[in-house]
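First up is the structure itself, then whatever we jot down about it.
The values are calculated or read from the model by the stated rules, or taken from the named source; none is laboratory data. Please read these numbers as outputs of a predicted model, since none were measured by experiment. Using ideal geometry, Cβ is built from the backbone for each residue, glycine included, and neighbour counts are taken over all protein chains shown. SASA here: full protein model, heavy atoms, side chains in, ligands and nucleic acids out. Shrake-Rupley method; radii C 1.70, N 1.55, O 1.52, S 1.80 Å.
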Amino acid sequence: MPKHNWRWWLHVLHRDLGYLCVGLVLVYAISGVAVNHVADWNPTYRIERLPAQIAKVGGDDLGDAEVARQVLSQLQLSPEYSTLYRPSPTQLHIIRPNHTIEFDQTTGGVVHEVVTGRPVLYETNQLHLNHHKGVWTYVADAFAVALAFLAITGMFLIKGKKGLAGRGKWLVLAGVLLPLAFLWLH
Amino acid sequence: MKLPVLLLSVSLFACLPACSEDSKAAPGDKTVQPAEKPKDDCANCPDAAKVSATPAAHAEGLQKGFTLADYTPISKILAAPADFEGKRVLVKGEAVFVCPTRGCFVTLKSDAENDKALFVKVEDGEIVFPATIKGKPVEAEGIVEKVVTPEAKVREAAEAKAKKEGKEFDPASVKGDKVSWQLRGLAAKF
């Protein structure tokens, strides 16, 4: 009866674990690119600023709550809000969940600032950045171990001149030297 | 042997123009414990040009995480910020503004007035305030510090703002350095 050698088992484990990791590799890859460019954009939320115009509201005698009530009424929105804020004497911000109404009392100008999660990226970033904590921390740790396993076993899958003993060792060396050189340079 | 040498050379060459900006994102949720290495490079944030004038904020020995139990009213700090300079305080307030790109600062409304708020700045990437926390209560602990923005930078920012809003800008309207106060956040909970 033929006996499977260690390389056979390596192939099996590498293959099956590789299949298992496809989903999470894609999650981390997509999220990784997005958050790597955090200097250029918000990778998780889309923040839109939409202008509008209503009639001027208020004077010195009107309190902020009444101004807010009239603004919301003109905009045909429900009267609820989380809080009010005056960044300047002529501006009132009506802050609602994921929606801020910036009202200019001198012109009646309104800017709706609306915050929405970016499709796909919101979810992948939640996982990648471990926002949920708890059990996901252990799942992420297990995934990291799996990736390390795939990396190590991958080196020994192929025999001969295209394997680790041949050109493989140079490619591994290049891959290790790249981050080391960057760290050394910076 | 040509292929390996070529690959090695390409690898080393690729390092030379490598990005120098740290864009690591942080967990940004619930209670977070920031690391101690200071770095403030949010180019999109309005206070990017400011220079801290309070040495205690970056002194060694700052403790991580929440260490205080008693809240200091934001109104009290805003009324006499110099009395709190360099001191570690715990504050609580509703978020009325959040950094739209990196989530590296939040402005917390005063408990007493609608038109006053405390600016809370954290190290980029160590604590990330999500854009969805506007209007929600936030707790932050940190050091009160004075920030002095040089006149030239104030003028530059005012000119850029006027240009963005399509308004005329009068350079003479900016006189002297701008002094403001902020909380250098070391821990936050939301």
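The table below gives the values:
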quantity	calculated
Averaged over B:116-125, number of beta-carbon atoms from partner chains that fall within 10 Å	1
Nearest-0.05 FRET efficiency for B:Glu165 and A:Asp61, computed from C-beta distance (R0 30 Å)	0.60
Between helix A:64-74 and chain A: long-axis angle, C-alpha atoms, 0 to 90°, nearest 10	80 degrees
Solvent-accessible area buried by A and B, counting both chains, probe 1.4 angstrom, square angstrom	3000 Å²
Whole-angstrom gap from the range A:11-26 to the range B:120-190, using each part's C-alpha centre	46 Å
Part-to-part distance (alpha-carbon centres) for the range A:119-158 and the range A:43-71, which is given in Å	44 Å
Label zone at A:Ile54, where the point sits 7 Å out along the Cα-to-Cβ direction: the range A:63-83 residues whose backbone N lies under 13 Å	A:65-81
By average C-beta atoms within 10 angstrom, highest first, the peptides B:95-101, A:50-56	B:95-101, A:50-56
Within chain A, helix-based [θ] at 222 nm, where runs of 4 or more DSSP H residues each add -39,500 (n - 2.57), nearest 500	-15500 deg cm²/dmol
Semi-axis lengths, Å, chain A, gyration tensor of Cα atoms, sqrt of 5 times eigenvalues	58, 19, 12
Label-point separation, A:Leu173 to A:Leu157 (7 Å along Cα→Cβ), nm	2.3 nm
Shielding by partners, peptide A:177-183 (average Cβ within 10 angstrom, other chains)	5
Protein accessible area in the range A:1-68, 1.4 Å probe - carbon and sulfur %	63 percent
Cα-Cα P(r), the range A:16-69, percent of pairs per 5 Å interval	4, 13, 12, 10, 9, 8, 8, 8, 8, 7, 5, 4, 3, 1, 0
Mean Cα-pair separation over length for the range A:4-128, i.e. relative contact order, pairs under 8 Å, 6 or more apart, %	30 percent
Cα-based helix-to-principal-axis angle, A:6-36 vs chain A, degrees rounded to 10	20 degrees
Solution diffusion estimate, µm²/s, Stokes-Einstein, the range A:47-118, Kirkwood Rh from C-alpha pairs, 20 °C, viscosity 1.002 mPa s	176 µm²/s
Positive-end extreme of charge dipole, the range A:76-162 - chosen from A:Thr83, A:Ala140, A:Thr100 (charges on Cβ)	A:Ala140
Residue list for the range A:41-59, given a label point 7 angstrom along the Cα-to-Cβ vector of A:Thr107 and an amide N cut-off under 16 Å	A:49-57
Ranked by how many other beta carbons lie within 10 Å on average, peptides A:103-110, B:135-142 from highest	B:135-142, A:103-110
Average accessible surface area per residue within the range A:28-186, 1.4 Å rolling probe, Å²	57 Å²
Shielding by partners - mean other protein chain Cβ count within 10 Å, residues of A:146-153	0
Approximate spin-label separation A:Thr116-A:Ala146, in nm, with each point projected 7 Å along Cα-to-Cβ	3.2 nm
Nearest-ten-degree value, helix A:169-185 long axis tilted from longest Cα axis of chain A	40 degrees
